[in-house]
Amino acid sequence: MSSFIYIALCLAVVAIFIKPLGKYIARVFMGRKIWLEKPLGWLERGIYKICGIDVSVETNWISYSKAVLVFGLFGFLILYFIFIFQDFLPLNPQGFSGLSPDLAFNAAISFVTNTNWQSYSGEQALSNFSQTAGLAIQNFLSAATGMAVAAALVRGIARKQMATIGNFYVDVVRGTLYILLPLSIIFAVFLASQGVIQSEALGLRLEALEAPQQIPSQAISPNTQAIPQGLVASQVAIKMLGSNGGGYFNANGAHPLENPTSISNFFQIVAILLIPAAFAYSFGVMVGDKRQGWMLVFAMTIIFIPLMSIAVVNELKPNPHFDTNIVDVSAGNMEGKEVRFGVASSALWAAATAATSNGSVNSMHDSFSPLGGLVPLMLIQFGEVIFGGVGSGLYGMMMFVILTVFIGGLMVGRTPEYLGKKIGVFEIKMASVVILIPALVVLIGTAIAVSTQAGRAGMLNSGAQGFSEILYAFSSAGNNNGSAFAGLSANTPFYNIALGIAMFVGRYFVIIPVLAIAGSLAAKNITPNSAGTLPTHTPLFTSMLVGVVIMIGVLTYVPALALGPIAEHLKNSMDAKP
């Protein structure tokens, strides 16, 4: 299958599900009746009763924010102590010891913030209990938190003269039970049918194909290989659908037990994009104007496709340093790629995982060409609003919408309005904070890392490539992506703590201003459209929105990018000249 057909089919499948899934998501968060309430309603009511949740009580944005923070803190503490004391917990046949305090801090923050950055090898550091009772549960809850915040923001836009924006705990329960859980069950069954393992067995020891090399000074090891097992299919399903990305195995989507076939690879890419794209359409349904949802989908797509194409085209080109008389370069730049999936699939996955805050990989981004690696880095640095994470992509893009409306209002000399709501100084300040906080985290963190011995000690490559590895790490952490450029030894106290702080700030210092905007807009009245109202569903506004997203990303990060992938590309071009 040609690269073009493969990519077109993948995007077409996503496009087919945008409208039906988007309508369903909207109904879930609008509290409308859905067919899953019959089989799962008893469970929802049971959770409310056990947890003491009053579904009839809604809160203002301050109380909603407190609930988000308390929920995140509770999840962090549980995960942290699971990691620290995993050697005393069940389902640990390998006898793994507890993680070090700094690594446990990093990993717990990572999964609670939906970043899923991994400074460890999953099958070599975490017990089956830590993987399933710890990580898999947070994969659901952290994703549901992002969806809840997005739903609260949409309510704030849709409501008028109200002090409340919803009930956080109800939103989390409904998002988990009626969206994430059923989709994950369906996808897990499909993945298992493709060969992704789903076993309670504690592992296998098999005869190796070749005897181990005998080293005179060491004892001869037995001719066996240990193969870890576990409940992998269920964890991979929510990892892909919930914009989590943390792999059961260290090789993530390149591991044959996580991603065994080209069909599983295809639908894992679809799963990455599915809910984020559908959530944009849900916005239009929830505010009563579906055109607004389609506008967001088109704006995201307009940015995604050209950048993804740049990655594919550059990876299809051979490495200029290879001697074509010795190396067959007909398949493109295959370094770091899976032979099973090829270059186009790897480049598409890299673009999708960076654009959606997913963070999973089926190839090593560090082995991409400079311009090919530039694409996922830029998509992360845009704030992951090009579809973005489940929920987080929508509320991130809405900040750019508010700025675009403000700029449009300045151009026509009118007070900016969005869907009948006056956009005031408070909304502009909060939207600016949301956009600037991740950028500050990335640039300050990178500057500290490259200027200190502890930061430079983790670099395995020098020059522009080494700088790109550090820049990518802080971009991934500050924007809650979780993918790594590789080539960086991140399991050190410096990086575990620094990246952990970046993940925390990049998540919660963004969520609070978003909820503040939701509360402010909910309290305002809706004014009727007039002849001077700027339409926000037209191609003109879509173009303005795309321009604002690109311009802010370019102005913020180009100096840093010039020191990394751009400098490396120019150097390679000079070296390749005869």
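Tabulated data
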| read-out | value |
| --- | --- |
| Environment charge of Gly336, counting only residues whose C-beta is closer than 14 Å and scoring Lys/Arg +1, Asp/Glu -1 | -3 |
| Protection proxy ranking, peptides 188-200, 273-285, 445-457, average beta carbon neighbours within 10 Å, highest first | 273-285, 188-200, 445-457 |
| Backbone N under 20 Å from the Met162 label point (7 Å along Cα→Cβ), restricted to the stretch 55-78 | 55-68 |
| Cα→Cβ-extended label distance, 7 Å offset, between Arg205 and Ile550, nm | 5.9 |
| Extension gain, Trp42 back to Ala531 (0.36 nm per residue minus Cα-Cα distance, nm) | 171.0 nm |
| Long-range HN-HN contacts of Tyr418 with modeled amide H, under 5 Å | Ile423 |
| Computed magnitude of the charge dipole of the chain (debye, nearest 20; Cβ of K, R +1, Cβ of D, E -1) | 2180 |
| Distance (nanometres) between label positions extended 7 Å along Cα→Cβ at Ile50 and Lys66 | 2.6 |
| Amide H partners (placed H, <5 Å) of Leu231, local residues excluded | Ser199 |
| Furthest towards positive pole of dipole, Thr542, Val425, Pro513, structure part the stretch 411-544, Cβ charges | Val425 |
| Taking Thr533, Thr132 and counting other C-beta atoms within 10 Å, the order from fewest to most | Thr533, Thr132 |
| Simple Cβ-charge dipole of the stretch 29-77, Lys/Arg +1 and Asp/Glu -1, about Cα centre, in debye nearest 20 | 140 |
| Cβ-based charge dipole, the chain, positive-most Cα from Pro306, Ala163, Leu135 | Ala163 |
| Label-point gap, in nm, between Phe81 and Ile5 - each point 7 angstrom along Cα→Cβ | 5.7 |
| Farthest toward positive dipole pole in the chain [+1 Lys/Arg, -1 Asp/Glu at C-beta], among Leu273, Gly413, Gly293 | Gly413 |
| Neighbour-count order for Tyr80, Tyr472, fewest beta carbons within 10 angstrom listed first | Tyr80, Tyr472 |
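Only the coordinates and a few stated rules stand behind these numbers; no lab work does. Source: prediction; values computed, not measured. A quick note on method: Cβ atoms are made from the backbone with ideal geometry, for glycine too, and the neighbour counts reach across all protein chains shown.
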